[in-house]
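Visitor: Supplied in structure tokens, the structure appears directly below.
The values are calculated or read from the model by the stated rules, or taken from the named source; none is laboratory data. Model, not experiment: these values are computed from the prediction. Glycine also receives a Cβ, built like all others from the backbone with ideal geometry; neighbour counts cover every protein chain displayed. Ligands, DNA and RNA are excluded from the accessible area calculation, which covers all protein heavy atoms including side chains. Shrake-Rupley method; radii C 1.70, N 1.55, O 1.52, S 1.80 Å.
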Amino acid sequence: MFDAYSGYRLFSRLVLYLLSCLLLGLVFGHVLEVLCLGAFLMLAWHYRQLMRLNYWLWKDRRLTPPQGSGSWEGVFNGIYRLQGKNRKRISQLAGLLGRFRQGAEALPDAAVVLDSSLNILWCNKLAQLMLGLVWPQDNGQRVDNLIRHPDFSSYLKKGHFQEPLELPSPVSEKRLLELRLMAYGDRQLLLIARDITRVRQLEGMRKDFVANVSHELKTPLTVLQGYLEMMESMADAKDPNLKALQLMQQQTGRMQSMVEQLLMLSRIEDAAEINLENVVDMNKMLAVLRTEAEALSRGRYQLTFEFDGQLDVHGNELQLRSACSNLISNAIRYTEPGGTIVISWKKVATGAMFSVKDSGIGIPPQHIARLTERFYRVDSARSRQTGGSGLGLAIVKHALSHHHSELLVMSEPGKGSTFSFVIPQHLLALSPK
Ligand code: ADP
């Protein structure tokens, strides 16, 4: 009726035992002595059970507990049940851990698990090969004690892990690694390292290929252009080939300008860091740009120039001029004759802003984010018609990134566009007194 281990049952057994002792005491006429003897025997029995439990817990190797009796049966069985549950949980956790490790070992990248103090908790085999870690000896070591590179230490110190870090492998200087750190589990970090040597090599090959091909195309195109010009000048007005010659000349001109732009783009891309010690005389540069713009406009547009006094910047003149002139020539090419174009160079709160505002055809919003991609054109037919290569804004983007700046585009289809960029305060040169 009652649960075998219920308190009520245990209590009723105790009462029964004491009553039997009392009865025996009454029979023999020594109630107190018999009660004392009964209590002593009960204590001795409990003590023996305790000793058996102690022996089983600490010395016995058997998994099953000794057979308990009376109130101790519940205690022994309870402990056994708890142990069974723990064993099951441990084996589940071990299975989970094994699967996680197998997964991490199967990754094509090096993976290192770090605690919140950047100590190594675990790493896979590739981490040992690529980062030179030794497992399990490096367990608990701080990761920057083992991957010793100033860039890595300052990357960890800054704590901004959104951008990956490129680092030569600690094992071989020739290999380039891309490291990423991400929050993981309970205040832990996961360090993933990927070998990007091949990707960088291929990128370099691509750049070299484009630069070499463009360079090699330059001479034949100049020869072609020269002969075409000569043939055109020699042909008389009624010559049936005149139209074909003019078209050929136009197309070689296009090819020449595309080659020039490709060369300019690879030159700007190659210049990893520009010398920011150089000061660009902006007034002189803007005067050249103004003459160029007027020549391109040939009086067909209303050009306005708004330049603040002397406002020079630290940077590369060729790159800045290329960026500005691309923006100006775009404004002219994508605005119908008669439109207005305002070119300004002004001091603003964050530095100095160059902007070109036109009343041209504008750009639908879905294209704006992709304009600086190579060969991206909103309307290829129009771009081709106006002599565009789709490389102009890619050049602008690269040139500006060298000057810690980026291109801002505001545009409304049919109403016009504003292309601008801000050269930050720290690149402004102090004007001479
Ligand atoms: P492209 O040589 O074709 O002009 P760009 O890289 O200079 O190449 O420009 C990319 C595209 O951006 C152009 O094809 C054109 O569609 C669009 N674009 C650039 N500037 C303007 C502008 N001022 N107004 C309208 N569209 C523009």
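Visitor: Out of I361, I423, I343, report the one residue that is within 11 Å of the ligand (Cβ to nearest atom) and either under 27 Å from L276 (Cα atoms) or open to solvent by 10 Å² or more (accessible area, probe 1.4 Å) (or both).
Guide: I361
Visitor: When you scan the range 283-314, how many residues do you find that are closer than 19 Å to P337 by Cα and surrounded by fewer than 14 Cβ atoms within 10 Å (Cβ to Cβ)?
Guide: 8
One line per residue, one yes/no per condition, for (1) in a strand (DSSP E or B); (2) among the polar types (S, T, N, Q); (3) within 10 Å of the ligand (Cβ to nearest atom); (4) without any contact (Cβ under 8 Å) to a residue 12 or more places away in the chain:
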| position | (1), (2), (3), (4) |
| --- | --- |
| P337 | no, no, no, no |
| F354 | yes, no, no, no |
| F375 | no, no, yes, no |
| S389 | no, yes, yes, no |
| K397 | no, no, yes, no |
| L400 | no, no, no, no |
| S417 | yes, yes, yes, no |
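Visitor: If we keep just the residues of the range 51-60 that are assigned to a helix (DSSP H, G or I) and exposed (fewer than 12 other Cβ atoms within 10 Å of the Cβ), which is farthest from the chain's Cα centre (by Cα)?
Guide: M51
Visitor: Right, next: Please work out which one of (1) part of a strand (DSSP E or B); (2) without any contact (Cβ under 8 Å) to a residue 24 or more places away in the chain; (3) open to solvent by 40 Å² or more (accessible area, probe 1.4 Å) is the condition N145 fails and give its number.
Guide: Here N145 clears every test but (1).
Visitor: What are the residues in the range 1-44 that are open to solvent by 90 Å² or more (accessible area, probe 1.4 Å) and in contact (Cβ under 8 Å) with a residue 24 or more places away in the chain, if any?
Guide: Of everything in the range 1-44, those that are open to solvent by 90 Å² or more (accessible area, probe 1.4 Å) and in contact (Cβ under 8 Å) with a residue 24 or more places away in the chain turn out to be Y5, R13.
Visitor: Sort out which residues of the range 226-261 are surrounded by 13 or more Cβ atoms within 10 Å (Cβ to Cβ) and among the basic types (K, R), and write them in order of number.
Guide: If the condition is that a residue be surrounded by 13 or more Cβ atoms within 10 Å (Cβ to Cβ) and among the basic types (K, R), then R254 is the only one that fits.
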